[in-house]
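The values are calculated or read from the model by the stated rules, or taken from the named source; none is laboratory data. Please read all numbers here as calculations on a predicted model, not as lab measurements. When we count neighbours, we look across all protein chains shown, and the Cβ atoms used for this are built from the backbone with ideal geometry, even at glycine.
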Amino acid sequence: MESNPTHSRLTAIALTFMAVIWVSPFSWLILNAFNTASTGQLEIPRSVGLDNFAMAISGNAGRQFLNSMLIAAGTATLSVLVGISAAYPLSRLRIPGRNAFLWTLVLLRMLPSAGVLVPLYFAAQRGGLLNQLGVIIALTILNLPFTLLLLKNFFDTVPIELEEAAYVEGATLFQIVTRIVLPMSRAGIAVVWFFSFTGAWNEFLLPLIFARVQDAFPMSVGLYAAFGQQGAINYGFLTAYSIIYAAPAVGVYFLLRRNMNTGFAGVGVKG
Amino acid sequence: MKNQSNPWLTSNLFVLALGMLPAALLIGVLLYFTAWAFAFSFTDLALVGRKSVEWSWVGLQNFERLFTRKGFLDALWTTVIFVFFSAIVGQSVLGFLLAATLRGTRSGIRSVVEVCIMLGWLLPDIVAAFLWSATTSQTGLINALIVVPLGFPPINFINDYALPVVIVANVWKGTAWSYLLFSAALDSVSREVIEAAKVDGATPFQRIWLVMLPIIRPHIATNMLFITIWTFTYFPLIFAMTGGGPGRQTETLAVFLYNQSFARGNLGFGSAISVAMLAIVGVLSIFYLRLLREPK
């Protein structure tokens with residue numbers, strides 16, 4: 001914003017300083033994760049190695065990684081599939097009051113999820129779904145209002161003339177959807193998938209209540225259980241575990257970064 | 001009725017309806033459960049024990065308890081402080097300042113700062129809680145780098161200043177969202193308007209306060225709506241860092257709700273808390289949506 005060179009240099013220094021402060025908490029995480037004799041203190045490791053990471057992907061911890069992966073990918077895929085098949089008709093057919101309805105649902109979901117969790121828990125208990133499948137279905141239900149609204153907004157931007165042209169050429173509904181609508185709203189679908197994936201990957205409360213045995217814990221609950229423990233805490237293991245747990249959420253974002261920003265602008269403007 | 005004249009849609013209405021069926025079913029389940037959550041708030045249902053089976057209707061007793069017993073009002077006050085300082089003052093103002101400053105800087109610095117802030121946002125809640133517990137502990141980064149070198153004895157931040165610590169942690173975690181939204185908003189402000197203000201001799205502060213802010217007011221309202229509601233019901237970070245303690249210093253409504261419903265098993269009272277939270281969130285949303293609609 002400033003044309004003045006000293007001014008802009010000061011701004012740059014201030015920004016760099018801020019960035020350093022922002023990432024500084026990570027120093028402890030990284031120093032301990034690579035320290036083979038970690039004590040949980042902030043210190044330069046004497047011996048560097050990957051032992052902690054090896055420990056964090058084997059046994060129970062490795063199992064919890066798979067649980068998290070299954071829950072997150074399952075929820076994201078199920079949400080997107082259910083969302084697409086409903087959002088296309090919602091976008092194209094003139095159903096009276098559909099926008100008001102979707103917004104009401106989204107506002108309803110602002111309700112603290114602990115509230116809906118009580119009846120969800122009872123239903124899952126009765127249906128024998130206090131397991132990963134139950135968590136996937138529950139998270140999909142909780143995600144759906146937002147997924148529907150976003151996907152409908154993205155489908156709205158696909159020009160209907162293209163579909164008309166395809167129809168004239170003899171394309172069926174299925175072909176129109178899979179060859180035109182879906183490829184053209186790829187960015188939007190990626191955003192929705194990403195939101196559901198990270199949402200489910202980070203989800204803590206629902207699996208905390210649904211998962212009864214340590215084998216079924218996803219990483220969020222596993223990490224919480226491990227650092228809440230009294231007694232000797234293995235910091236090396238915990239920090240390595242944290243890094244592995246954080247990696248997919250961060251990684252997926254950077255993979256989809258360009259799409260994300262496009263999609264994000266859409267959310268912001270439509271509000 | 002323009003859209004419905006499209007033949008590939010009208011001839012396939014059955015298929016389209018079939019496609020909507022799973023979503024309709026799940027939404028129905030969501031509405032049904034929400035209705036139950038409301039209904040539970042008028043009962044003395046418990047998580048375990050006799051009252052988990054033989055519960056009975058108790059009328060408005062749970063709602064009376066919200067105001068007559070200690071807990072709810074204290075938690076509400078803690079939540080207000082938490083939301084005000086971490087979401088409105090912290091995330092929103094900081095996010096806006098960053099967006100406004102980074103707009104004019106070189107793209108190299110811009111992406112470095114962006115990535116740094118994003119890391120906090122992308123980090124899972126529980127990892128962030130773990131990280132901040134360690135950073136603010138007696139041997140943690142803040143003590144090792146600032147407090148001890150200055151000659152003071154190490155401070156146990158998480159015990160002595162629990163609420164400020166969770167507020168800072170939440171600012172650290174959540175600023176990226178406000179930054180991204182404001183950044184997209186400021187991109188929609190045309191350069192000509194800013195240049196014109198510059199030519200007319202507006203100071204940087206005036207340019208922000210009198211030119212940019214009024215233009216992006218709808219975005220500010222949208223952002224406020226989202227982050228207020230999220231922060232209001234935000235649970236994992238505080239729960240994993242402090243569990244609401246020490247004492248009840250950091251017991252926000254979301255933590256209070258969890259403790260009442262699942263730690264103590266008072267599901268009926270817990271449902272009343274979540275209904276009360278929904279009412280508060282609803283009033284806040286209407287307030288912000290008003291702000292959004294008002295003419296500029």
Test result for A:L130, away from chain B (no Cβ under 11 Å), closer than 27 Å to A:Y253 by Cβ and touching a residue at least 40 places away in the same chain (Cβ under 8 Å) = no
Only one residue in B:G108, B:G90, B:G120 is within 12 Å of another protein chain (Cβ to nearest Cβ), buried (at least 20 other Cβ atoms within 10 Å of the Cβ) and either closer than 30 Å to A:I243 by Cβ or modelled with pLDDT under 90 (or both). Which one?
-> B:G120
Those residues of segment B:234-249 that are hydrophobic (A, V, I, L, M, F, W, C) and more than 14 Å from the chain's Cα centre (by Cα) come to a total of 3
Among the candidates B:L26, B:L31, B:L97, B:L18, single out the residue that is closer than 30 Å to B:V166 by Cα, modelled with pLDDT of 80 or more, part of a helix (DSSP H, G or I) and of a type in the set (A, V, I, L, M).
-> B:L97
Taking segment A:85-108 as the search range and keeping residues that are more than 8 Å from chain B (Cβ to nearest Cβ) and either part of a loop (DSSP other than H, G, I, E, B) or under 20 Å from the mean Cα position of the chain (by Cα) (or both), which one is nearest to B:L9 (Cα to Cα)?
-> A:I95
Right, A:I189: surrounded by 20 or more Cβ atoms within 10 Å (Cβ to Cβ), without any contact (Cβ under 8 Å) to a residue 40 or more places away in the chain and among the aliphatic types (A, V, I, L, M) or not?
-> no
Which residue pairs have Cβ atoms under 8 Å apart, sit 6 or more places apart or on different chains, and have a first residue in segment B:174-190 that is assigned to a helix (DSSP H, G or I) and a second that is at pLDDT 85 or above and hydroxyl-bearing (S, T, Y)?
-> B:G174/B:S86; B:G174/B:T231; B:S178/B:S92
